[in-house]
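What follows is a short report on a single structure.
The values are calculated or read from the model by the stated rules, or taken from the named source; none is laboratory data. What you see is a predicted model, and the numbers here were worked out from it, not measured in a lab. Ideal geometry is used to build each Cβ from the backbone, glycine not excepted, and the neighbour counts take in all protein chains shown. Just the protein is used for accessible areas: all its heavy atoms, side chains included, with ligands, DNA and RNA removed. Shrake-Rupley method; radii C 1.70, N 1.55, O 1.52, S 1.80 Å.
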Amino acid sequence: MTSIHVPANQGEWLDSPDGAGRFRVLRVHKGGGATVEVAIPGGVEGRPHVHPAGEELLMVEGHVDISGTILRAGDYLYTPPGAVHRARALTDVRFVLVLPALPEYL
């Protein structure tokens, strides 16, 4: 495998499937998952969803509430497979998600 470099000003931003912001794909994983950067405006809340293979989240900027856990820039959160949760942006936020499988919205 070769290295993948995605400059900060490149990549297509797409609307999130739950209507809560935008994302850009940084890397597609073998088996259907992806690593993505997400941006959500302050005050926006996403729909409940589940990650069938879990999820890793690293906050880049802002404050977000993930089902009662408040995350700030530099914080990391692992959500195990099957855990239902939702994101509510307390400020404008950006974070990186590592998704072994794509989420399922409820």
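For this structure, a couple of remarks:
- The residue that is surrounded by the fewest Cβ atoms within 10 Å (Cβ to Cβ), among those in region 83-106 that are of a type outside the set (D, E, K, R) and in a loop (DSSP other than H, G, I, E, B), is Leu106.
- Yes/no for Glu61 being of a type outside the set (A, V, I, L, M) and without any contact (Cβ under 8 Å) to a residue 40 or more places away in the chain: yes
- Candidate set: region 61-72, residues that are surrounded by 14 or more Cβ atoms within 10 Å (Cβ to Cβ) and of a type outside the set (D, E, K, R); chosen: the one nearest to Gly11 (Cα to Cα): Gly62
- Residue list for region 1-23, restricted to those being of a type outside the set (S, T, N, Q) and either over 27 Å from Arg88 (Cβ atoms) or open to solvent by less than 60 Å² (accessible area, probe 1.4 Å) (or both): Met1, Ile4, His5, Val6, Pro7, Gly11, Asp18, Ala20, Gly21, Phe23
- Residue tally, condition open to solvent by less than 60 Å² (accessible area, probe 1.4 Å) and assigned to a strand (DSSP E or B), over region 42-53: 2
- Test for Ser16: is it of a type in the set (S, T, N, Q) and under 12 Å from the mean Cα position of the chain (by Cα): yes
- Condition check for Ala34: of a type in the set (A, V, I, L, M) and under 24 Å from Ala8 (Cα atoms): yes
- Test: residue in region 24-41 that is open to solvent by less than 50 Å² (accessible area, probe 1.4 Å), in contact with a Ser or Thr (Cβ under 9 Å, 6 or more places away or on another chain) and either more than 15 Å from Arg88 (Cα to Cα) or not in a strand (DSSP E or B) (or both): yes
- Candidate set: region 73-82, residues that are within 14 Å of Val50 (Cα to Cα) and open to solvent by 30 Å² or more (accessible area, probe 1.4 Å); chosen: the one nearest to the chain's Cα centre (by Cα): Tyr78
- Considering the conditions (1) over 14 Å from the mean Cα position of the chain (by Cα); (2) assigned to a loop (DSSP other than H, G, I, E, B); (3) in contact (Cβ under 8 Å) with a residue 12 or more places away in the chain, Ala8 is excluded by exactly one of them, (3).
- Checklist (1) open to solvent by 20 Å² or more (accessible area, probe 1.4 Å); (2) part of a loop (DSSP other than H, G, I, E, B); (3) closer than 20 Å to Leu102 by Cα applied to Glu56, failing item: (2)
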